[in-house]
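Okay, so here's the structure we're looking at.
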Amino acid sequence: MSLLSVSGLSKRFGGVVANRDVSFTVRPGELVGMIGPNGAGKSTLFDLLTGFARPDRGEVWLEGRPLTALRPDQISRLGVARTFQKLRPFAAMTVLENVMIGAFLKTPDPARARASAEAALESVGLADRAHAHARALSTGQRKRLELARALATQPRLLLLDEVTGGVDQATIPGLVRLVRDLHARGLTLIVIEHNMRVIMEIAQRILALQLGEVIADGTPAEILRDRRVIDAYLGESWKG
């Protein structure tokens, strides 16, 4: 059985079609990349998968359980977590307190939430910054904080929205290693990424979106050869 199944998902905002008849599946343990130009509907699709927006049509299932009528917190409790492209930590709170907010989704016990948050911070390499205020973190560290907060909800499926976006080139390799490590631990991931070298390095399979539609779904090598992806996104000059 697929972990995630998406069928005919469509969303319109006034006269703008954000997603049109999107269908795909994700198997347990997969790492799926998602690419496409700005405005292709990638982040809106994440919103639909996680309950932050309701589709006009279509269905989403997690191991056969329908998700489309559920709230974000209900979906998260079932094991789906996400990060956001725009980083908005609670700046006045400590790093640990930020992550505990995610942990409280699974337990009301402060001691257990703290232990879960500390484990999440250890896994993303921020344990030494646990008591720093979130406002003191660099952009790369805030990316890790966002990941830790999602991990504290104990997800089975993790959706990452531009995990390397906005960071300097020296920070990217560490974030790539972190994503690979999370996948190696058994997490299923869908990763939106504009850096094609990153997505080619980490993804087992890639979905390409254009104007809200899936125009290609295949291995990285297949995506690189796909004429629709070349015309819509990569361009003839992309050499890998």
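We did not get these values from a lab; they are worked out from the coordinates using the rules stated. Remember, it's a predicted structure, so these values are computed and weren't measured experimentally. Glycine also receives a Cβ, built like all others from the backbone with ideal geometry; neighbour counts cover every protein chain displayed.
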Quiz item: Between Arg27 and Phe13, what length comes free when the chain is fully extended (0.36 nm per residue of separation minus the Cα-Cα distance, one decimal in nm)?
Solution: 2.0 nm
Exercise. Set Lys and Arg Cβ to +1 and Asp and Glu Cβ to -1, take the dipole of the chain about its Cα centre, and tell me which of Gly102, Ala18, Pro173 lies farthest positive.
Key: Gly102
Exercise. Would you mind telling me which residue in Val95, Val60, Val167 has the biggest mean-square fluctuation in a Gaussian network model of the chain, where springs connect alpha carbons within a distance under 10 angstrom?
Key: Val167
Quiz item: How about region 134-240: which GluC sites (Glu not before Pro) there are in a DSSP loop, with at most 13 other Cβ atoms within 10 Å of their Cβ?
Solution: Glu236
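Sort Met196, Met100, Met93 by Cβ crowding within 10 Å, fewest neighbours at the top.
So the ranking, lowest neighbour count to highest, is Met93, Met196, Met100.
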Quiz item: Restricting attention to region 1-97, which trypsin sites (Lys or Arg not before Pro) occupy a DSSP loop and are surrounded by at most 16 other Cβ atoms within 10 Å?
Solution: Lys86
Practice problem: Count the lysine pairs in the chain whose Cα atoms sit under 27 Å apart, keeping only pairs 8 or more residues apart in sequence or on different chains. | Solution: 8
Exercise. Using 0.36 nm per residue of separation minus the Cα-Cα distance, give me the extension gain between Met1 and Thr94 in nm, one decimal.
Key: 29.5 nm
Practice problem: Let me know the Kirkwood hydrodynamic radius for the chain, please, with Cα pairs as the basis and the value in Å to one decimal. | Solution: 18.3
Exercise. Putting +1 on Lys and Arg Cβ atoms and -1 on Asp and Glu Cβ atoms, find which of Gln85, Ile190, Leu137 reaches farthest to the positive end of the dipole of the chain.
Key: Leu137
Quiz prompt | Calculated from backbone phi, Karplus (6.51, -1.76, 1.60) coupling profile of region 155-164 in Hz, x at Gly/Pro | solution = x, 9, 10, 10, 9, 10, 9, 6, 5, 9
Quiz item: For the chain, modelled as a GNM with alpha-carbon contacts under 10 angstrom, which of Leu31, Leu207, Leu224 fluctuates the most?
Solution: Leu224
Quiz prompt | Of the trypsin sites (Lys or Arg not before Pro) in region 165-218, those whose Cβ has at most 13 other Cβ within 10 Å and which sit in DSSP loop | solution = Arg185
Practice problem: Find how much the distance from Glu122 to Asp231 grows on full extension, using 0.36 nm per residue of separation minus their present alpha carbon separation; answer in nm with one decimal. | Solution: 35.0 nm
Quiz item: Hey, what's the Cα Rg ratio for region 87-154 versus the globular rule of thumb, 2.2 N^0.38 Å?
Solution: 0.95
Quiz item: Helix hunt in the chain: which complete DSSP H runs extend at least 15 Å axially by C-alpha with mean Kyte-Doolittle at least -0.5?
Solution: 110-124, 172-184
